[in-house]
1. Assuming R0 = 41 Å, what is the FRET efficiency of ASN126 and CYS176, from their Cβ-Cβ distance, to the nearest 0.05?
2. Shape call for segment 64-113 from the C-alpha gyration tensor, a ≥ b ≥ c root eigenvalues: rounded (a/c under 1.5), prolate (a/b greater than b/c) or oblate?
3. For a test of the definition: using alpha carbon positions, the gyration tensor, and the 1.5 limit on a/c, classify segment 78-160 as rounded, prolate or oblate.
4. Estimate the FRET efficiency between GLN168 and THR84 by the formula 1/(1 + (r/R0)^6), using the beta-carbon distance for r and 30 Å for R0, to the nearest 0.05.
5. Once amide H atoms are built 1.01 Å from N in the peptide plane, which residues 5 or more positions from GLY153, or in another chain, come under 5 Å H to H?
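Where a number appears in this text, it was derived from the coordinates with a stated rule and is not lab data. In this text, all values refer to a predicted model and were calculated from it rather than measured experimentally. Neighbour counts are summed over all protein chains in view; Cβ atoms, including those assigned to glycine, are modelled from backbone coordinates with ideal geometry.
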Amino acid sequence: MALASSIVMGRITSISPQSPVRGRSGFAYAQPSYFGGIVVDKRKQLSFTLESNPRSRRISLSVRCSFSPALTPELKATLDKVVTSHKVILFMKGTKDFPMCGFSNTVVQILKSLNVPFETINILENEMLRQGMKEYSNWPTFPQLYIDGEFFGGCDIAMEAYKSGNLQELLEKAMCS
């Protein structure tokens with residue numbers, strides 16, 4: 001859902017379905033959405049100012065977004081260490097023994113069918129980790145598969161590579177290195 005404003009007669013009627021606006025300036029919390037290529041998370045504050053000129057029927061809206069990065073330098077260093085210390089690691093919802101998402105389960109089953117030793121990290125246990133991983137990989141969804149220290153992809157990419165045989169080939173190379 002794109003972040004959209006309804007402007008009627010020089011007033012902002014909404015920033016998002018759950019964000020009523022009071023007065024000519026203020027703040028609202030946005031729904032998760034894409035805003036100018038930036039993911040706007042509902043916990044982040046958006047500031048706005050509305051200026052209208054009734055004579056020219058022009059309305060200008062300026063929006064200032066304040067975001068604090070979820071990927072702190074400390075978290076990045078930790079993730080670098082974790083990702084490079086395992087040949088195959090899957091950041092997923094749940095664990096390999098108890099996946100909590102169909103997509104995570106699919107990747108677990110693929111890796112198990114290839115008899116590949118792999119580690120998993122349950123991103124549901126730590127919200128900061130979950131948000132930081134999205135920035136770290138520049139990938140918005142989970143699971144996230146890393147092979148030989150490199151981000152490989154999510155469920156769809158893993159599934160396609162599995163079907164084509166490319167995943168097995170890449171995993172064999174990683175296990176031998």
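1. Efficiency computed from Cβ-Cβ geometry: 0.80.
2. Oblate shape, in that a/c is at least 1.5 and b/c is the bigger or equal ratio.
3. Note, shape of segment 78-160 comes out rounded.
4. The value I calculate is 0.85.
5. Result for GLY153 returns LEU145.
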